[in-house]
Amino acid sequence: GDSVTQMEGPVTLSEEAFLTINCTYTATGYPSLFWYVQYPGEGLQLLLKATKADDKGSNKGFEATYRKETTSFHLEKGSVQVSDSAVYFCALSENTNAGKSTFGDGTTLTVKP
Amino acid sequence: DTGVSQNPRHKITKRGQNVTFRCDPISEHNRLYWYRQTLGQGPEFLTYFQNEAQLEKSRLLSDRFSAERPKGSFSTLEIQRTEQGDSAMYLCASSPGRGPGELFFGEGSRLTVL
């Protein structure tokens with residue numbers, strides 16, 4: 001079945017540091033890929049997505065590129081802020097399963113001033 | 001606010017009791033999903049509805065769990081004879097329609113079974 005593996009956390013960075021959170025996946029088909037973010041006390045919300053190979057999703061300074069050859073969708077940001085402190089979830093959704101998504105276990109990011 | 005609404009936000013119950021959670025999706029969304037999330041884990045799929053039809057249920061959803069979406073609008077998730085292992089965050093999400101796309105999540109209903 002489908003699965004998503006994220007780098008284990010927690011991750012602690014200083015403000016303005018570079019961020020990478022690794023995500024790899026296994027899927028039977030050709031999925032769409034997502035990063036969701038959960039800020040403290042809030043529900044999950046979409047951060048960015050990519051629907052086909054070599055697509056780059058971007059939002060709020062975050063980027064991730066759909067790499068079919070390495071089955072990866074790593075999240076990056078060049079300069080993190082304290083307000084980026086949150087839990088980040090990588091997810092995939094197959095085209096054939098009506099939008100049902102499979103999630104990774106999440107990576108907790110803490111950014112210190 | 002026209003986002004996904006869940007209630008109650010937190011429910012504490014004794015083992016063996018029944019509990020019910022309600023989800024009000026974004027009004028124009030015809031798909032509704034229930035997920036369960038435990039500490040340190042990502043959301044796990046439980047079931048989903050297309051309008052009022054329940055189209056898929058996970059093997060995680062034992063016969064003590066039942067979900068309904070009677071008029072294709074709000075949904076309820078009932079857990080009968082709760083067990084301590086049912087303690088988790090129950091998440092509801094909705095989406096507008098076809099194919100894989102963004103899920104819009106509520107803030108979740110946290111269940112604590114004593």
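Quick look at the values:
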{"item": "Cβ-based charge dipole, chain A, positive-most Cα from A:Asn95, A:Ala50, A:Thr110", "result": "A:Asn95"}
{"item": "Net charge of Cβ neighbours under 13 Å - reference B:Ala67; Lys, Arg +1; Asp, Glu -1", "result": "0"}
{"item": "Under 15 Å from the B:Thr76 label point (7 Å along Cα→beta-carbon), backbone N, the stretch B:5-24", "result": "B:7-8, B:18-24"}
{"item": "Which of B:Ser94, B:Tyr35, B:Gly72, positive extreme of dipole for the stretch B:8-114 (C-beta unit charges)", "result": "B:Tyr35"}
{"item": "Convex hull (Cα only) mean projected area of the stretch A:35-113, reported in nm² to one decimal", "result": "5.8"}
{"item": "Order by protection proxy (mean Cβ within 10 Å, highest first), peptides B:56-64, B:83-91", "result": "B:83-91, B:56-64"}
{"item": "Label-zone membership for the stretch B:75-113, site B:Arg9, 7 angstrom Cα→C-beta point, backbone N under 15 Å", "result": "B:90, B:106-111"}
{"item": "Tail fraction, Cα-Cα pairs, the stretch A:33-72, threshold 12 Å, whole percent", "result": "57"}
{"item": "Two-site FRET efficiency, A:Thr20 against B:Arg64, from Cβ-Cβ distance with R₀ of 45 Å, rounded to 0.05", "result": "0.60"}
{"item": "Total charge dipole magnitude, chain B, about the Cα centre, Cβ charges on Lys, Arg, Asp, Glu only, Debye to nearest 20", "result": "340"}
{"item": "Estimated Rh, the protein assembly as shown: Kirkwood, alpha-carbon pairs, angstrom", "result": "18.1"}
{"item": "Within 10 Å of each Cβ in A:102-112, the average number of Cβ atoms from other chains", "result": "2"}
{"item": "Shielding of B:35-45 by partner chains, average beta-carbon count, 10 Å", "result": "5"}
{"item": "Max mean-square fluctuation residue, GNM over chain B, Cα-Cα springs under 10 Å, options B:Arg69, B:Arg98, B:Arg81", "result": "B:Arg98"}
{"item": "Total formal charge among the other residues, if their Cβ is under 14 angstrom from that of A:Glu63, Lys/Arg +1 and Asp/Glu -1", "result": "+1"}
{"item": "For the stretch B:47-87: rounded, prolate or oblate by the Cα gyration tensor [a/c cutoff 1.5]", "result": "prolate"}
{"item": "Order by protection proxy (mean Cβ within 10 Å, highest first), peptides B:40-49, A:18-27, B:13-22", "result": "B:40-49, A:18-27, B:13-22"}
{"item": "Residues A:Ser3 and B:Glu52, FRET efficiency given R0 of 35 Å [Cβ-Cβ distance, rounded to 0.05]", "result": "0.70"}
{"item": "For residues of A:68-81, the mean tally of beta carbons on other chains within 10 Å", "result": "0"}
{"item": "Beta bridges per DSSP with both ends in the protein assembly as shown, % antiparallel, nearest 5", "result": "90"}
{"item": "Total formal charge among the other residues, if their Cβ is under 10 angstrom from that of B:Leu103, Lys/Arg +1 and Asp/Glu -1", "result": "+1"}
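Every number in this text was worked out from the coordinates using simple rules, so none of it is lab data. What you are looking at is a predicted structure, and each value in this text was computed from that prediction instead of being measured. Counting neighbours? That spans all protein chains shown, and the Cβs are built from the backbone with ideal geometry, glycine included.
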